[in-house]
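The next block holds one structure in the form of structure tokens; read it before the comments.
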């Protein structure tokens, strides 16, 4: 069975001409949503994905707006709402050294370089200059760890382990 990875979620329609609002979950929106690309739509409760071909892509506010071939009005795309857009793992590009896909980081256990367990990465925020990894400790408390070289010392996505050197006050 082929693995897929999430590139976005259709959250609403936009206008009356078949455009949908997508909250993107990819670092490469221009590549993923390029005209002519095929995306697989997984609807809640459906076993088989719907194959969609991107007809147009633009950004508006914090959304990516897409249209698909064969979907020309709001009535046709209304039923696509809440669907997750995915691509096969075979379309996953190669990254440079020190670059990671979000889904490879989420679920990793984080430790200090002294061996103290901090918790598990549950989310990645992208507020600006650098990503922030949200780590949930054993008590359910969330700790925000900035992804910067001074703090994150080693990332092993195969072993699902991250080592950090916490700055003073970071974990308190």
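Mean separation of Cα pairs under 8 Å and 6+ residues apart, divided by the residue count of region 102-164: what relative contact order is that in percent?
Details: 120 pairs, mean separation 20.1, N = 63.
With pairs under 8 Å counted, the relative contact order is 32 percent.
Helix-derived [θ] at 222 nm for the chain: sum -39500 (n - 2.57) over DSSP H runs of at least 4, divide by residue count, nearest 500? It would help to have the intermediate numbers written out before the result.
On the way: 3 runs with 13 residues, N = 172.
The helix contribution divided over the chain gives -1000 deg cm²/dmol.
Relative contact order for the chain: what percent, with Cα pairs under 8 Å and sequence separation of 6 or more? Intermediate results must be reported in sequence, preceding the final value.
Numbers: 333 pairs, mean separation 31.2, N = 172.
RCO, the chain: 18 percent.
Provide the packing ranking of 44-54, 128-138, i.e. peptides ordered by the mean count of other C-beta atoms within 10 Å per residue, highest first. Write out the running numbers ahead of the final one.
On the way: 44-54: 12.0, 128-138: 14.9.
Highest to lowest by the protection proxy: 128-138, 44-54.
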Legend entry - For region 102-172 and region 53-89, distance of Cα centres in Å: 33 Å
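Based on the Cα atoms of region 4-90, what semi-axes does the equivalent ellipsoid have, where each is the square root of 5 times one gyration tensor eigenvalue, given in whole Å with the largest first?
Working: eigenvalues 58, 47, 28 Å².
Values for region 4-90, descending: 17, 15, 12 Å.
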Inset, instruction - Please report 110, 167 as a ranked list, fewest other C-beta atoms within 10 angstrom at the top and most at the bottom. - result: 167, 110
Legend entry - 5 Å binning of all Cα-Cα separations within region 102-164, expressed as whole percents from 0 upward: 4, 20, 31, 29, 13, 2
Inset, instruction - Could you list 58, 21, 81 in order of exposure, starting from the residue whose Cβ has the fewest other Cβ atoms within 10 Å? - result: 58, 81, 21
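Computed from the coordinates by the stated procedures, all read-outs in this text should not be read as laboratory data. Here the structure is a predicted model, which is why all the values come from computation and not from measurement. Quick reminder, even Gly has a Cβ in these numbers, built from the backbone with ideal geometry, and neighbours come from all protein chains shown.
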